[in-house]
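Comments concern the structure below.
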Amino acid sequence: MSDHQKTEGDQSATQDSMRPESPEAAAHPRRLKSFVIRSGRKTAGQQAAYDTLWPKLGLDPGTPLRDSRSPGRESAPLVIEVGFGMGQSLAEMALAAPETDFVGIEVHPPGVGSLCLQIQTSEIGNIRIYQHDAVEVFEGCVDDASVDRIQVYFPDPWHKKRHHKRRLIQPEFTAMLAAKLKPGGLLHLATDWEHYAHHMYDVLAAEPTLENLAEDKFVERPEWRPETKFERRGQKLGHGVYDLLFRKR
Ligand SMILES: C[S@@+](CC[C@H](N)C(=O)[O-])C[C@H]1O[C@@H](n2cnc3c(N)ncnc32)[C@H](O)[C@@H]1O
């Protein structure tokens, strides 16, 4: 079983959580989630870091993001990452760009714990975290024209045809992300799954408020993106890497 298959998890669990009688399905009757909550617990170190830092770093999906910016940094450049996994690449980026505020969104509890531990160990001061569905975070918390860069690295490819509708990158979500970008802001995607890469390209190219910064479809990995954990796993499996970089008109 590939790592991506493991990430996509147990389909029967997904179907259970989306049965009509579940509260989640009642609140969002038509939308399929792009994730399943994977099993796995935080390590003791991750849990301790989470317990210490979450009251300070954790963001409430019921509150506008603008109300949570650190005093004096309201106009700092803002980067939002969807699905940061275990958080290594986000932590690395935040350390390399202390003038920028980073917001990470992830639903996997050990991933959130892992990022908290890295923030604590490396004394990173410019990351805040939502532990929530990114679609709902963008819908409910993020102002239009307020974000400098949105990045989605190696999202679950949902490679079986019957699961493609669960892919995060779809026209509706892309239009919402584009609306959240400032004019000139960047949408940066990466995947190791060739079919998804071409799907991403088709979706982004069809969004009229975005323009492609690549000469053809894809760009070389920009200097700000470190290699991610899933990227390295994909490379071991012989996959390619496809970066897409589009700018808000
Ligand atoms: C394949 S992993 C990639 C992780 C990381 N970006 C990397 O490259 O190593 C995709 C991650 O996206 C998260 N995810 C998927 N859909 C999400 C959503 N709607 N909101 C927040 N996180 C999501 C999953 O929990 C998972 O950790």
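The values are calculated or read from the model by the stated rules, or taken from the named source; none is laboratory data. This structure is a prediction, so every number in the text was calculated from the model and none was measured. Note that we place each Cβ from the backbone using ideal geometry, even for glycine, and neighbour counts take in every protein chain shown.
A few comments on the model shown:
- Residue count for the stretch 222-249, restricted to those that are closer than 19 Å to residue 157 by Cα and not β-branched (Val, Ile, Thr): 17
- Selection status of residue 146, more than 13 Å from the ligand (Cβ to nearest atom), of a type in the set (S, T, N, Q) and either within 27 Å of residue 212 (Cα to Cα) or at pLDDT below 95 (or both): yes
- Filtered by the rule that a residue be out of contact with any Gly (no Cβ under 8 Å at 6 or more places or on another chain) and among the aromatic types (Phe, Trp, Tyr), the stretch 225-243 gives a lone residue, 242.
- Filtered residue count, the stretch 207-238, keeping only those that are within 12 Å of the ligand (Cβ to nearest atom) and over 16 Å from residue 149 (Cα atoms): 9
- Residue among 104, 83, 87 that is touching a residue at least 60 places away in the same chain (Cβ under 8 Å), within 16 Å of the ligand (Cβ to nearest atom) and not acidic (Asp, Glu): 83
- Assessment of the stretch 150-161 against the conditions (surrounded by 20 or more Cβ atoms within 10 Å (Cβ to Cβ) and more than 15 Å from the ligand (Cβ to nearest atom)) yields no matching residue.
- Taking the stretch 173-193 as the range and being within 13 Å of the ligand (Cβ to nearest atom) and not in a strand (DSSP E or B) as the test, the residues that pass are 173, 176, 177, 192, 193.
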